[in-house]
1. Specify which of the listed residues (Val231, Val211, Val181) is assigned to a loop (DSSP other than H, G, I, E, B) and among the aliphatic types (A, V, I, L, M).
2. Which residue, of Gly161, Gly120, is over 15 Å from Ile319 (Cβ atoms) and out of contact with any Lys or Arg (no Cβ under 7 Å at 6 or more places or on another chain)?
3. Exactly one of (1) under 19 Å from the mean Cα position of the chain (by Cα); (2) away from ligand 1 (no atom under 12 Å from the Cβ); (3) modelled with pLDDT under 90 is unmet by Gly167. Its number?
4. Out of the range 52-87, which residues are under 12 Å from Val102 (Cα atoms), among the acidic types (Asp, Glu) and in contact (Cβ under 8 Å) with a residue 40 or more places away in the chain?
5. With near ligand 1 (Cβ under 10 Å from one of its atoms) and either in contact with a Gly (Cβ under 8 Å, 6 or more places away or on another chain) or closer than 14 Å to Ala257 by Cβ (or both) as the only criterion, which of Gly150, Gly218, Gly202 stands out?
6. Conditions first: (1) away from ligand 2 (no atom under 16 Å from the Cβ); (2) modelled with pLDDT under 85. Glu291 passes all but one, so which condition is the exception?
7. Quick check on the range 186-198: of everything there that is surrounded by fewer than 22 Cβ atoms within 10 Å (Cβ to Cβ) and not in a helix (DSSP H, G or I), which residue is modelled with the lowest pLDDT?
8. Quick one: would you say Ala164 is touching a Gly at 6+ places or on another chain (Cβ under 8 Å) and either surrounded by 14 or more Cβ atoms within 10 Å (Cβ to Cβ) or not in a helix (DSSP H, G or I) (or both)?
Amino acid sequence: MLSTTMLKSDREHCILGIETSCDETGVALYCTRRGLLAHALHSQVALHSRYGGVVPELASRDHVRRLLPLLDTVLERAGASAGTIDAIAYTEGPGLAGALLVGASFAHAAAYALEVPVLGIHHLEAHLLSPLMAAPALGFPFVALLVSGGHSQLMRVSGLGDYALLGETLDDAAGEAFDKVARLLGLGFPGGPALQRLAEQGDPQAFEMPVAMARDPGLDFSFSGLKTALVYLCRDLGPEGVEERRADLAAGFQAAAVGQLTSKLKRALKRGEWQAVALGGGVAANGPLREAVAALCEEQGLRLKLVPLALCTDNAAMIASAARYAPRLEYPEYLSYDAFASSRPPLPA
Ligand code: KG4
Ligand code: ZN
């Protein structure tokens, strides 16, 4: 578990981060005093696009190919050498088992060669703490809205390692819903960014969309009803009608999804005293969502921490920077370490 006690060190530590949980290969170098020195990403989008989703076997093999060249790029961009690295952090899980094992093996081998400790990082905890990357002074407690392709959660962050789940999706994750609807509208994978672009030309009011979970007093989300409504709308419109109204359908879906996320966030804000709101995960790159959350925070007089666009989706900078709070495992203790495919504490499955 991550904790502030790990910060107590009188010298700067430079941590190499490795991210291979899904279809992005990421490498980053983060130093405890100077911050993020460099990061590099290779997206496998083109590799998986014709399958309409990530193919685990292809993902693992591509991570093997990309890691070393990305490491060279990062060291060059940072003006650093392997000797700068004091520790190696990698995504331990959750994610695709084979893909995670590539990153885990790479991290362990490099740590062994460089004689430095290795640190296993929880992918979701890294997303959750990524708003702290550039602003360590963010006050606790804050509400984090974590929305990605695999998860949609509202969390109370009371301190490092001290998280409480306020609400989560009962079915599809927000990003998964964006991807599925985008597919329905004939857009590529991942669908979120393409759907956002298409929605810019559409009228969000053109179709009536179901308001999911509106009467539910809790803080959980649900996106499957909205997705099903789109399936029926497309069926009724027929292929030509869908082609004609794609932008309106995209705009309607996006407005309903963003509306649901922000109304649950608003409800969470009423249930406590908060220092700030943090928005993270791949869907946090969505422009209308960023604007709606910013407007809500302004209305409520709350500080908002937005993760920079480039660091919202999976990346190694968040892994390396979260690792500054991680307990170090020295050789041979770290050899017992593994990858985990599904989530585990301190974050929910
Ligand atoms: O955090 P992430 O990179 O990977 C997971 O851990 O899942 O999130 C990827 C998800 C995808 O579902 C993608 O469609 C969505 O984030 N996404 C977006 C946008 N950019 C990425 N969704 C809506 N609007 C965007 N601009
Ligand atoms: Zn992620």
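The values are calculated or read from the model by the stated rules, or taken from the named source; none is laboratory data. Model, not experiment: these values are computed from the prediction. Glycine also receives a Cβ, built like all others from the backbone with ideal geometry; neighbour counts cover every protein chain displayed.
1. Working: Val231 fails: assigned to a loop (DSSP other than H, G, I, E, B); Val181 fails: assigned to a loop (DSSP other than H, G, I, E, B).
The unique qualifying residue is Val211.
2. On the way: Gly120 fails: over 15 Å from Ile319 (Cβ atoms).
Going through Gly161, Gly120 in turn, the sole match is Gly161.
3. Answer for Gly167: the failing condition is (3).
4. Glu57
5. Numbers: Gly218 fails: near ligand 1 (Cβ under 10 Å from one of its atoms); Gly202 fails: near ligand 1 (Cβ under 10 Å from one of its atoms).
The match here is Gly150.
6. Condition (2) is where Glu291 drops out.
7. Per the stated criteria, the residue is Phe189.
8. Numbers: touching a Gly at 6+ places or on another chain (Cβ under 8 Å): no; either surrounded by 14 or more Cβ atoms within 10 Å (Cβ to Cβ) or not in a helix (DSSP H, G or I) (or both): yes.
When the stated conditions are applied, Ala164 does not pass them.
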